[in-house]
Structures are given as structure tokens and as C-alpha cells.
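The values are calculated or read from the model by the stated rules, or taken from the named source; none is laboratory data. In this text the structure is predicted, and so the values were computed from the model without any measurement. Don't worry about glycine lacking a Cβ; one is built from the backbone with ideal geometry, like all the others, and counts go over all protein chains shown.
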Amino acid sequence: MSFWSLVGTLITGAIIAGIVVTVLSIDSIVDWFREQLGHRQVSDRLAVTILQNLEHGNYQVVQGVFNTSTQEYESQRTVNSSEVDQQFLSAHNEDGLAVWNV
């Protein structure tokens, strides 16, 4: 399965378990990744976010931990926000994808 197919799986699965925040900060994203990864060996894990612009200036962020050994997402969530901080926004490429080193 390709990485982009897995990104689609992440988006589909994360839509089910969404949360809403007013302002999404890079700190809250990194904190969630750290909670999910704990003290485990992370050399085969990717911390990924996908940023989507929604109507009326709102954002949706799909966040997940991808295990490159098993080719599966270990955890994922969706966060809807009316605002994201500039540092977080700048971390995403033109496709809205960012891979984090946490």
C-alpha cells in the first residue's frame, strides 16, 4: 500500500473521532504526539499531520502516528479549529502534509 493510500486511510479513520478547539497551537500537536509515543522506540514511527482549509476560514487537522514496519496507523485524531498558529501553518507543504520529529 502506498504512503498516500495510507494518508487517505488516516483521514477516513480520524473523521470518526474529531475534537474542536478555538486556536490550534503547535504545542498541542506536539504534546499529543508525545502522549501517543510515550517512551517507545520511535525509529519506525512517523508523526504526521494533514492540514485542510475548510469553509469560512476554519481548519481541519488530521493527526496520526504511522508505523512504517506494520504499514498501519497506531493512533489518529481529527481536530477542527477556527485558527492555527503561524509556525504550525508554515510546517505544512503545498499538499498540506507535515512529518514531525518529536
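What to note about this one:
- Residue selected from the range 38-49 under the condition in a strand (DSSP E or B) and of a type outside the set (S, T, N, Q), by the criterion farthest from residue 26 (Cα to Cα): 45
- Residue 3 fulfils the conditions (1) within 24 Å of residue 82 (Cβ to Cβ); (2) modelled with pLDDT under 55; (3) aromatic (Phe, Trp, Tyr) except for a single criterion, (1).
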